[in-house]
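The values are calculated or read from the model by the stated rules, or taken from the named source; none is laboratory data. This structure is a prediction, so every number in the text was calculated from the model and none was measured. Cβ coordinates were reconstructed from backbone atoms using ideal geometry, including for glycine residues, and neighbour counts include every protein chain displayed.
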C-alpha cells in the first residue's frame, strides 16, 4: 500500500548556519534556491549553543534560523542536538561520559560520548527534546524530527553494569536460568548472586575487541546496549510527543552497522532514515543491499536518505571524488530501492575540525561556480518532476534474511574460521539477484514468509524459538528455502543444539553434517554439479551425510571427495537447498538458476544484465529505474521501449545506448 512520507520530494541536507556570520546565511539561501534545495536538517550538534549552562537555554539564534527557513518555505528536519554533550555537563557530572571496552573512563570530547544509562544524561536530553518540541512543534514547516544522530558505540561503566543486572533479571528471572543460558559450568564460572555479574569487556570475558570466552554474556550485552540506546531514543520521542503528536520522528541509521538491532529500532520509528557513504571500491550490489535492508526494516515502506556526500568523504582511507554523473546515478539508485528523499551532508563545507574536507553543496570557494554544484542543481530540477512516485513501493517474491543477533553470535564464535563474517555471507547471495535484476526484500527472522516464493538465509547460525517451525511451514506450502553451512547450530544463548547439525533444520534439510573443515586463505577445494559444471570453493566445507536429500553437487578433492557439497530436499510442496561450502560467485549463480526455475520468479527484464533495473509500483502505475553504473556502453532492453521517460517527458522510441552513469526513469 502506498504511504507518502512527505508532500514533496525532500532535497537538501545538513545545514549549520550557526557556524557562519549572518551575511553568509543570505548568500546560502540564494544559492540553495538556485539548486532546487527545499529542505534543511538543522540543530544536529547545537546542544552547547542552545543550553550554555545547566539552568540557561538560549534559543534566539535557532529562532532566527527557523524563521529564515520557514519564510522561504523549507521543509525543516529539526534535530534534538543530543548526540554530543556540552562541556559543562561532563565537568559537573563526569558520570555522563562513557567508559570504553578497555575500562578507561572518558573525559569531554568527541561525539556519541554519553553513557546511555546515565540518569543525568537522560534527564537533560529528555528536557531539551521537550523544550524544542514545545517551542517549534506547531510550526508547519517542521516536517520531521531527527533525534540524536547516528546512534552508536557502547559504554562499560558502573551505571551500565548495574542496569545490565536489572535487564538480566527481567530476561532470565532466576540465577539458575542465567547460569544455564550462559553455560557457566564451563571453567567454573557459576554465579550465586546477581551482583557477581560483571560486564564482558577487556577486564573480564573479552578476548580482544571482537571475541569472548563466554558468548552468552557478550551477546546479551549487545542486546542490552542496543536496548539501552533505544530507550534513549524512545525517551526523547515521548518528550516530543507531549507537545507534537503528529510530526514524524526518525533517527539516522547506518546500513549494516553492527552494534544496534535495527529491526527492533524500526518498530519505534515513524520513518526509517539512513546515511549512505560507499567508498571508492564498495560493490554496487552492497550499496543496493543496504538500501533494501533499510526499506525492509519497516516492511517495505519508503525510507529517507538522510545523508550522502555530493562528492568526496573525509574519513575513509582513500577519499576519491565522485566522477561526473556518479552522484546523480547513486541518488537514483537510492530512489530506485525505496527512498523518498535525497539529502546531503553537508550543504556548506565546514571551515575547520575533522570534517572540513568532507564534500558539500557549497565548497570552500564559497560560490556556485563548481562542477559539484552544477550536478546538484541539475538533480534538483529533475526531482521536482517526480512527486508522483512518492509512496510507491517495491513488490518482491524473494526474501533474504538479515538478523543482528545472528550477526553478533556468528562473529563471537571461536572457530572454525576467523575469516567467516556475517555481512559478507549475506551479500554473496544477494549479488545473484542484483546481477539478474530480480527484486529482493531484506527481511527479519520474524517476517511473514508466506509472501515469498524464495527465502534465502545464509549462515543462519542462531535459530530462535519458533523459527524452524515457520520455515517448515513455508517449505511445506511450496516455498524454496536456501541456507548454508553454519546454520541451525545454536539457540538464543549460543548453546549448541545437540543431535547433529543443522539442528532444528536437520529434518527438513534431509541431511546430517558430521564435521566442518576450515580452509586457510591459501587453500581451496572445488564442487562439481551433477550437470558437469565445476566451481572453486573456499573458507569452510561441511562433511555431509544424506538423510533423504539428494546431492546436486559434490566435492572434488581431499578425503571427502565425491561426498555431498550442495543438497536439495523435497519437503511438502517445496524444497530446502543446503550449501555446505563457500562457492565462488559463478557457482552461486549456477545454483540459483536451478532454485529460481522451481518458481515463477523472473527478472524485471530478460535482457537487462549489465544494467541496474529496479521497479517501484503504485496502484495505477509502474516505474522502471534503469541505470548504467559501468564504463561499458549498455543497450536498453527492447521490452522497455515505448515507455515514458519521466526525466525528459519523452517516450523512448528505440533501444537506446546508455553510457556510464546514464539514468532512465520509465513509466
request  = For residue 146, work out the one condition from (1) buried (at least 18 other Cβ atoms within 10 Å of the Cβ); (2) free of Cβ contacts under 8 Å to residues at least 40 places away in the same chain; (3) in contact with a strand residue (DSSP E or B) (Cβ under 6 Å, 6 or more places away or on another chain) it doesn't fulfil.
outcome  = (2)
request  = Can you tell me which residue among 522, 469, 476, 515 is farther than 23 Å from residue 181 by Cα and out of contact with any strand residue (DSSP E or B) (no Cβ under 7 Å at 6 or more places or on another chain)?
outcome  = 522
task = Could you please find all residues in the range 252-275 being assigned to a loop (DSSP other than H, G, I, E, B), touching a helix residue (DSSP H, G or I) at 6+ places or on another chain (Cβ under 6 Å) and more than 17 Å from residue 405 (Cα to Cα)?
result = 268, 272
query = Which members of the range 230-240 meet the condition of being touching a residue at least 60 places away in the same chain (Cβ under 8 Å) and either closer than 12 Å to residue 149 by Cβ or surrounded by 17 or more Cβ atoms within 10 Å (Cβ to Cβ) (or both)?
reply = 232, 233, 235, 236, 237, 239, 240
inquiry  = Can you find a residue that is part of a helix (DSSP H, G or I), touching a helix residue (DSSP H, G or I) at 6+ places or on another chain (Cβ under 7 Å) and under 20 Å from residue 153 (Cα atoms) anywhere in the range 277-298?
reply    = no
inquiry  = Which of the numbered conditions does residue 350 fail, given that it passes all the others? Conditions: (1) out of contact with any helix residue (DSSP H, G or I) (no Cβ under 8 Å at 6 or more places or on another chain); (2) in a loop (DSSP other than H, G, I, E, B).
reply    = (1)
ask   = Given the structure, is residue 602 more than 17 Å from residue 336 (Cα to Cα), in contact (Cβ under 8 Å) with a residue 40 or more places away in the chain and outside any helix (DSSP H, G or I)?
value = yes
message = For the range 497-512, give me the residue count where each residue is in a helix (DSSP H, G or I) and touching a strand residue (DSSP E or B) at 6+ places or on another chain (Cβ under 7 Å).
response = 4
Residue match in the range 203-220 (condition: within 19 Å of residue 118 (Cα to Cα), out of contact with any strand residue (DSSP E or B) (no Cβ under 6 Å at 6 or more places or on another chain) and surrounded by 15 or more Cβ atoms within 10 Å (Cβ to Cβ)) = no
Filter result (touching a residue at least 60 places away in the same chain (Cβ under 8 Å), under 30 Å from residue 268 (Cβ atoms) and crowded, with 23+ Cβ neighbours inside 10 Å) within the range 304-331 = 304, 306
inquiry  = Just checking, does the range 173-183 include any residue being surrounded by fewer than 15 Cβ atoms within 10 Å (Cβ to Cβ), within 21 Å of residue 496 (Cα to Cα) and outside the structural domain of residue 268 (by TED's automatic domain parsing)?
reply    = yes
task = Could you pull out every one of the strands (runs of 3 or more DSSP E) wholly within the range 522-598 that has 1 or more residues that are within 20 Å of residue 460 (Cβ to Cβ), in the same structural domain as residue 429 (by TED's automatic domain parsing) and touching a residue at least 60 places away in the same chain (Cβ under 8 Å)?
result = 534-546, 564-571, 574-579, 581-583
note = Within the range 1-36, the count of residues that are touching a helix residue (DSSP H, G or I) at 6+ places or on another chain (Cβ under 6 Å), crowded, with 20+ Cβ neighbours inside 10 Å and part of a loop (DSSP other than H, G, I, E, B) comes to 1
